[in-house]
Number of protein chains: 2
Amino acid sequence: MTTQMKPPLDAELRSFVGYRLKRAMNVFSSDLAITLRPFDLRMITFSTLSSVVSNPGIRQSQLAETLAVERPNLVSIVDELANRDLIERKRDDADRRAFGLFATEAGTALFQDATRAVMQHETQILSALSEQDIETLTALLARIEQAK
Amino acid sequence: MTTQMKPPLDAELRSFVGYRLKRAMNVFSSDLAITLRPFDLRMITFSTLSSVVSNPGIRQSQLAETLAVERPNLVSIVDELANRDLIERKRDDADRRAFGLFATEAGTALFQDATRAVMQHETQILSALSEQDIETLTALLARIEQAK
DNA sequence: CGACATGGTTATGCAAAATAACTATTTTGT
DNA sequence: ACAAAATAGTTATTTTGCATAACCATGTCG
């Protein structure tokens, strides 16, 4: 007698790439949240910190644009990081409406530690994929993103 | 003079697959939401309807498990579809705690129309990818999902 | 100078997602 | 057979993410 494998209840949905994308994303992000918890960071605060570390002096409006976050929502995110002295708002003398954002030493250090953890997380969750697979995946995702 | 391409402000983040995944997912899902609007369906109600059409008699608890939705949150989703007479709750005589869910004729019809639209949407948003690419992507996403 | 645009903020609303606690029914263990 | 535990569904509540409108301060342009 052959082993009869009954199809999952979402078999039809699995024919949609969008559904697969969402499922993979859920696994990935809930797992990543756990990785970031020890640093008291969420995905969005990690992303924000990353962009500030890599782009000293970046403005909130640029950040909002970059991370696809509404400006009003970015305020509390920046507040949170600033209150923890991980980043600083410095008034821009040339345009006194704007702030330049800068990571503090503590912010840079935390970011480096968190980055190591995130990289470890990625290699762990992607352990079933080869380097080549990951490049392929990245390229395919980029093409979807550009399809906008 | 060579054209100088300055790196995007999220260049570092783009080295993370998780970030790419999220960005691609955002494009995909906000676009899909527009596709579903004419049918007055959201991603989750479409998914629910799909599972009910494909699995007549499925229970809410199975549905919640399948779609990775908390049971309490599924109640209002099922309510919504039931109020629109797209699905029906029928008491299970064998286990009178449970309901079996069934799509009505109208529900099945709407689902078929919506499915056509979603399939069209997918071919459109994935138009830059070959059949082979899509299969590859699907397989890679499945492996991430299983990495749980 | 006055009109308009831009950077940041506040307030607010809405929907998604999670948790606790409850009723009704079924299953389990002795 | 019966008490205890488990399961199906529900209600109520909270938290969070995401979006919009309206506002202040500053800068730009006619």
On a 0 to 90° scale, report how tilted helix A:105-125 is relative to the longest principal axis of chain A, with both axes built from alpha carbons and the result rounded to the nearest 10. 10 degrees
Residues of segment A:122-148 losing 40 Å² or more of accessible surface, assembly versus chain alone, probe 1.4 Å, please list them. A:GLU122, A:ILE125, A:LEU129, A:LEU137, A:THR138, A:LEU140, A:LEU141, A:ARG143, A:ILE144, A:GLU145, A:ALA147, A:LYS148
For Cα pairs less than 8 Å apart in space and 6+ apart in sequence, what is the mean separation divided by the residue count of chain B, i.e. the relative contact order in percent? 21 percent
Sum of side-chain charges, A:ALA142 neighbourhood, beta-carbon under 10 Å (Lys, Arg +1; Asp, Glu -1): +3
With the other protein chains left in place, how much accessible area per residue, in square angstrom, belongs to chain A at a 1.4 angstrom probe? 56 Å²
Would you work out if the protein assembly as shown is rounded, prolate or oblate? Take a ≥ b ≥ c from the square roots of the eigenvalues of the alpha-carbon gyration tensor; rounded if a/c is under 1.5, else prolate when a/b is larger than b/c, oblate otherwise. prolate
Taking the Cα atoms only, what angle lies between the long axis of helix A:43-54 and the longest principal axis of chain A, rounded to 10 degrees? 50 degrees
Express the carbon and sulfur contribution to the solvent-accessible surface of segment A:36-143 as a percent, rounded to the nearest whole number, probe 1.4 angstrom. 47 percent
Cross-link candidates for A:LYS90: which aspartates and glutamates have Cα within less than 14 Å, leaving aside residues fewer than 8 places away along the same chain? A:ASP79
B versus A: buried accessible surface, summed, Å² (probe 1.4 Å, to nearest 100): 4900 Å²
Return one number: the angle in degrees, 0 to 90 and rounded to the nearest 10, between the long axis of the Cα atoms of helix B:131-146 and the longest principal axis of the Cα atoms of chain B. 70 degrees
Quote to one decimal, in nm, the extra length available between B:SER29 and B:ARG97 on full extension: 0.36 nm per residue of separation minus the C-alpha distance between them. 21.0 nm
Between segment A:10-76 and segment B:42-73, how far is it from one alpha carbon centroid to the other, in angstrom? 26 Å
Gain on full stretching of the segment that runs from A:ASP85 to A:ALA139 - 0.36 nm per residue minus C-alpha separation: 15.8 nm
What full-extension length gain, to one decimal in nm, is calculated for A:SER130 and A:ARG37 as 0.36 nm per residue of separation minus the Cα-Cα distance? 30.7 nm
What residues have an amide H closer than 5 Å to that of A:ILE58, excluding those fewer than 5 places away on the same chain, when H is modeled at 1.01 Å from N in the peptide plane? A:LEU101
Which residue in A is nearest the A/B rotation axis when you measure from the C-beta atom, and what is the distance in Å? A:MET25, 2
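The values are calculated or read from the model by the stated rules, or taken from the named source; none is laboratory data. Computed from a prediction, not measured in an experiment: that's the story for all the values here. Note that each Cβ is placed from the backbone with ideal geometry, even for glycine, and that neighbours are counted across all protein chains shown. The accessibility values were calculated without ligands, DNA or RNA, using every heavy atom of the protein model including side chains. Shrake-Rupley method; radii C 1.70, N 1.55, O 1.52, S 1.80 Å.
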